[in-house]
Amino acid sequence: AKMADAAVIRTRKFLTNPLLGRRQMVVDVIHPGLANVSKADLRNKLAAAYKSESNLVVCFGFRTAFGGGKSTGFALIYDSQDAMKMFEPKHRLVSAGLAEAKTGSRKQKKERKNRDKKFRGTKKK
């Protein structure tokens with residue numbers, strides 16, 4: 001994580017959200033001379049800063065400012081793995097390694113959905 005040491009992380013709009021069992025914030029990363037900072041590095045730094053495990057931190061929506069040197073995104077720090085599994089969207093759980101991605105091509109999924117629509121009465125297994 002030697003690259004992340006050159007980056008400064010600032011958080012703003014910090015909010016404790018007890019209903020969803022998490023803390024949420026806007027993250028500003030100042031990284032002069034670096035193209036970007038990896039989300040894994042950000043997760044580790046945020047976990048250290050907020051006394052949490054890095055597997056409970058979710059970073060997403062990062063956009064690099066025009067001209068580089070600064071990125072802004074969003075971070076959630078969950079209180080527990082259960083809260084994370086309950087409230088995180090499936091696609092973010094997949095990238096965190098906590099859920100399986102849907103398999104099959106887009107066409108297969110659509111054909112399956114349309115077959116299921118025709119089937120009325122008892123639930124198809």
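The values are calculated or read from the model by the stated rules, or taken from the named source; none is laboratory data. No experiment lies behind these values; they were computed from the predicted model shown. No Cβ is skipped: glycine too gets one built from the backbone with ideal geometry, and neighbour counts run over all protein chains shown. Just so you know, the surface numbers come from the protein's heavy atoms only, side chains and all, with ligands and any DNA or RNA stripped out. Shrake-Rupley method; radii C 1.70, N 1.55, O 1.52, S 1.80 Å.
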Problem set entry | Filter result (among the polar types (S, T, N, Q), under 26 Å from residue 67 (Cβ atoms), touching a Phe, Trp or Tyr at 6+ places or on another chain (Cβ under 9 Å) and open to solvent by less than 60 Å² (accessible area, probe 1.4 Å)) within the range 9-51 | 11
For this session: Could you tell me whether residue 6 is touching a strand residue (DSSP E or B) at 6+ places or on another chain (Cβ under 6 Å) and either surrounded by 15 or more Cβ atoms within 10 Å (Cβ to Cβ) or free of Cβ contacts under 8 Å to residues at least 60 places away in the same chain (or both)?
Result: no
Seminar exercise, completed: For the range 25-83 the number of residues that are of a type in the set (A, V, I, L, M) and either over 13 Å from residue 10 (Cβ atoms) or touching a residue at least 60 places away in the same chain (Cβ under 8 Å) (or both) is 13
Seminar exercise, completed: Of the residues in the range 68-125, those that are more than 15 Å from the chain's Cα centre (by Cα) and surrounded by 13 or more Cβ atoms within 10 Å (Cβ to Cβ) number 4
Problem set entry | Elements of type helices (runs of 4 or more DSSP H) contained in the range 1-117, each with 1 or more residues being at pLDDT below 90 and of a type in the set (Asp, Glu) | 2-5
